[in-house]
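The values are calculated or read from the model by the stated rules, or taken from the named source; none is laboratory data. Computed from a predicted model, the values in this text were never measured in an experiment. Here Cβ is always computed from backbone atoms with ideal geometry, including for glycine, and neighbour counts include all displayed protein chains. Ligands, DNA and RNA are excluded from the accessible area calculation, which covers all protein heavy atoms including side chains. Shrake-Rupley method; radii C 1.70, N 1.55, O 1.52, S 1.80 Å.
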Amino acid sequence: MCDMYDRCVGLGYHCESTHQIRRITGNDRAHFFDWLDLDFESVVETIAGDFAEVLRPGMVEPFSDGLCALDRGSDIRFFHDFHPTSGTALTQSDIDRQFDGVRAKFRALADRWRTLARSSAHVLYVHHDAFDELTAADLRRLRLVIAAAYPRHRFDLLWLRRTPPPDGAALGPGIGWGTVAAAPGRWEGDDAEWDAAFRAVRFAPPPPPPSPSPSTEPSVSPGAFTTPIPSVTDRSMSV
């Protein structure tokens, strides 16, 4: 695996990986699979299908007694993007009313994914196998799917499990593994375990901000009142 990366992007399984990647990297820039609850096959099929099966009209319904919304087209469970109008349980009306806004958000995140994968950035993708369900062959398949979709993309995969994989030697180039023990009662996971898993991973420093260009705007005298311009930050993509 590479000794330095420009970006670190999570590929599920659930919120623990999103929280820990953002904590470790200090970067809360949103990516498509952040804060979603989804199985490994949903990740593979979503990337292979260029996100086309996610959030199709008429395919999203309340799930798990209304605790989340299930997208039947992709088998992705959305716990944070649809909100009940009253009480704690989502209804179909809640989902239908909010659907266009949620779909627009994930279309934008899909575009962000494609832009990054087609850029010169060296990316580390992290899949958290929270229940030790996968094999080395599954990770090789995921890497092949990403490489086939983006032939010039420079990336590696980090496979994080609860226990060491019995077939770790069969992973092949561009795939590494690590362990992060569960932290019962703490959805965020164990910080020390995640720190240890990332100890050998290095990230390139962010590029310096561009030098300010000479202002052509009229100056404002001290104490003058100005109306602030609302800013749109990347948190508008976050949940």
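Between region 61-113 and region 1-41, what is the separation of their alpha carbon centroids in Å? After rounding, the separation between the Cα centres reads 20 Å.
A crude spin-label estimate for the pair D28 and F131, with each label 7 Å from Cα along the Cβ direction, gives 3.1 nm.
Ignoring ligands, DNA and RNA, what percent of the 1.4 Å accessible area of region 67-138 is carbon and sulfur? Let's see the in-between values first.
Details: 1720 of 3320 Å².
With neighbouring chains kept in place, the figure for region 67-138 is 52 percent.
Remark: region 111-177 carries 46 Å² of accessible area per residue (probe radius 1.4 Å; ligands, DNA and RNA excluded). With θ taken as phi - 60° and the Karplus curve 6.51 cos²θ - 1.76 cosθ + 1.60 applied, the whole-hertz 3J(HN,Hα) list for region 99-116 is 4, 4, x, 5, 5, 4, 4, 6, 5, 5, 5, 5, 4, 5, 4, 4, 4, 5 Hz, x standing for glycine and proline.
Placing +1 on each Lys and Arg Cβ and -1 on each Asp and Glu Cβ, with no other charges, gives region 1-112 a dipole about its Cα centre of roughly 380 debye. Determine the shape class of region 80-186: with a ≥ b ≥ c the square roots of the Cα gyration tensor eigenvalues, call it rounded for a/c under 1.5, and otherwise prolate if a/b is greater than b/c, oblate otherwise. Here region 80-186 falls in the oblate category.
Rg/Rh for region 129-202 stands at 1.00; both radii use Cα atoms, and Rh follows the Kirkwood definition.
3J(HN,Hα) couplings calculated from phi for region 123-140 with the Karplus curve 6.51 cos²θ - 1.76 cosθ + 1.60 (θ = phi - 60°) are, in sequence order, 10, 9, 9, 10, 10, 8, 7, 5, 10, 6, 9, 9, 10, 4, 4, 5, 5, 5 Hz; Gly and Pro show x.
Positive-end ranking of T85, G49, L70 along the dipole of region 14-95, with charges on Cβ about the Cα centre, is headed by T85. In a fully extended conformation the segment linking H83 and A192 would gain 36.0 nm over its present Cα-Cα distance, using 0.36 nm per residue. Stretched out straight at 0.36 nm per residue, the stretch from A121 to M4 would grow longer than its current Cα-Cα span by 41.1 nm.
Probe radius 1.4 Å, ligands and nucleic acids left out: which of R199, R152 has the largest accessible area, and how do the rest follow? Intermediate results must be reported in sequence, preceding the final value.
Details: R199 175, R152 225 Å².
Ranked list, largest accessible area first: R152, R199.
Under 5 Å from the amide H of I175 lie the amide H atoms of L157, each residue being 5 or more positions distant or on a separate chain, with H modelled from the backbone and absent for Pro and chain starts. For region 74-88, the Karplus equation 6.51 cos²θ - 1.76 cosθ + 1.60, evaluated at θ = phi - 60°, returns couplings of 10, 6, 9, 9, 9, 8, 10, 9, 10, 10, x, 5, 8, x, 10 Hz by residue, with Gly and Pro reported as x.
Normalised by the number of residues in region 23-73, the mean separation of alpha-carbon contacts (under 8 Å, six or more apart) gives a relative contact order of 22 percent. Annotation: per residue accessible area for region 1-88 equals 43 Å², rounded to a whole number [probe 1.4 Å, protein chains only]. Projected label points at E41 and R202, each 7 Å from Cα along the beta carbon direction, are separated by 4.1 nanometres. Which percent of the Cα-Cα distances in region 14-142 go past 25 Å? Looking at region 14-142, the distances longer than 25 Å represent 28 percent of pairs. A simple spin-label model places the labels of A108 and M59 2.2 nm from each other, with each point 7 Å out along Cα-to-Cβ.
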